[in-house]
1. Which of the residues that make up segment 34-61 are hydroxyl-bearing (Ser, Thr, Tyr), touching a residue at least 24 places away in the same chain (Cβ under 8 Å) and either assigned to a helix (DSSP H, G or I) or open to solvent by less than 50 Å² (accessible area, probe 1.4 Å) (or both)?
2. Among the residues of segment 107-120, which ones are within 16 Å of Tyr71 (Cβ to Cβ), under 47 Å from the mean Cα position of the chain (by Cα) and of a type outside the set (Val, Ile, Thr)?
3. In the set Ser73, Ser98, Ser85, Ser78, which member is polar (S, T, N, Q), closer than 14 Å to Lys113 by Cα and open to solvent by 30 Å² or more (accessible area, probe 1.4 Å)?
4. Considering only segment 21-33, state which residues are under 18 Å from Gly111 (Cα atoms) and surrounded by 18 or more Cβ atoms within 10 Å (Cβ to Cβ).
5. Might you let me know whether segment 97-119 holds any residue that is in contact with a strand residue (DSSP E or B) (Cβ under 8 Å, 6 or more places away or on another chain), farther than 19 Å from Asn38 by Cβ and of a type in the set (S, T, N, Q)?
6. Cβ-Cβ distance below 6 Å, separation of 6 or more or different chains: which pairs start in segment 68-94 with a residue that is of a type in the set (Gly, Ala, Ser) and end on one that is in a helix (DSSP H, G or I) and surrounded by 19 or more Cβ atoms within 10 Å (Cβ to Cβ)?
7. Just checking, how many residues over segment 68-106 are closer than 19 Å to Phe54 by Cα, part of a strand (DSSP E or B) and within 42 Å of the chain's Cα centre (by Cα)?
8. Within segment 101-117, can you find the residues that are open to solvent by 10 Å² or more (accessible area, probe 1.4 Å) and touching a residue at least 60 places away in the same chain (Cβ under 8 Å)?
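The values are calculated or read from the model by the stated rules, or taken from the named source; none is laboratory data. No experiment lies behind these values; they were computed from the predicted model shown. Neighbour counts are summed over all protein chains in view; Cβ atoms, including those assigned to glycine, are modelled from backbone coordinates with ideal geometry. We work out accessible area using only protein heavy atoms, side chains counted, and drop any ligands, DNA or RNA first. Shrake-Rupley method; radii C 1.70, N 1.55, O 1.52, S 1.80 Å.
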Amino acid sequence: MAKIAVALFMMMALCGVCFGAGYNVGESDGWTIGVDYNQWASTKKFQVGDTLVFNYNTMFHNVLQVTKHDYESCNVKSPVATFASGRDFITLDKAGHSYFVCGFPGHCQAGLKVAISVRASSSQSPEVPSPPSTPKEIPPPPPPQTLCAPGQPNFHPPPLGFPNVPLPPGFPNFGTPSGPGFPYLPPFYSSASLHSSNLKAAMLSAIMTNLFAVFAY
């Protein structure tokens with residue numbers, strides 16, 4: 001029998017090393033009236049995975065896990081969990097605060113309660129947030145292009161203030177298209193070109209006049 005007890009003790013010790021520490025609430029006093037359990041808990045550093053062991057006489061006590069509000073007001077009517085084995089093993093499975101009281105009438109008011117502050121386990125690494133994605137730059141739209149009509153060259157109009165030289169009577173105006181597909185010929189800007197054009201127009205007019213006179217006879 002003694003060998004079995006030693007083996008069980010060693011197994012519990014190994015489990016404590018592997019899965020967390022074990023704490024006897026109130027140490028040798030156990031779970032009973034007359035012990036300052038919050039002072040006892042202030043000397044401990046509880047972590048997620050640790051185990052609380054409540055030892056008590058089931059004829060006089062039990063263990064209720066309650067909310068913070070019910071812990072402060074000693075309300076035992078709506079516990080989160082109830083334990084009544086006389087030797088309860090309660091694993092602390094999350095960080096934060098856990099609250100325990102005795103559900104027998106008047107025991108919580110007499111101080112039979114304890115608040116446990118639980119830290120995150122050292123083996124749990126905090127999550128590192130991923131950096132925000134950088135939005136892709138949208139290239140600016142290309143500049144608008146002016147398209148000419150089919151058959152017309154890309155002609156730029158003359159600058160402001162350029163003199164408008166009239167053409168002689170009867171000379172066809174090649175400066176504007178006369179219909180669809182007619183090639184666009186820009187006006188002449190050189191004074192020498194204008195003089196040559198006027199001379200040719202005069203000669204063409206004289207030839208046409210003589211031709212009409214010949215046909216008239």
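1. Answer for segment 34-61, where residues must be hydroxyl-bearing (Ser, Thr, Tyr), touching a residue at least 24 places away in the same chain (Cβ under 8 Å) and either assigned to a helix (DSSP H, G or I) or open to solvent by less than 50 Å² (accessible area, probe 1.4 Å) (or both): Tyr37, Thr51, Tyr56.
2. Lys113, Ala115, Ser117
3. Answer to the selection: Ser73.
4. Val25, Gly26, Trp31
5. Taking every residue of segment 97-119 in turn, none turns out to be in contact with a strand residue (DSSP E or B) (Cβ under 8 Å, 6 or more places away or on another chain), farther than 19 Å from Asn38 by Cβ and of a type in the set (S, T, N, Q).
6. Once the first residue is of a type in the set (Gly, Ala, Ser) and sits in segment 68-94, no partner that is in a helix (DSSP H, G or I) and surrounded by 19 or more Cβ atoms within 10 Å (Cβ to Cβ) comes close enough.
7. Number satisfying all stated conditions: 7.
8. Result: His107, Ala110, Gly111, Lys113, Ala115, Ser117.
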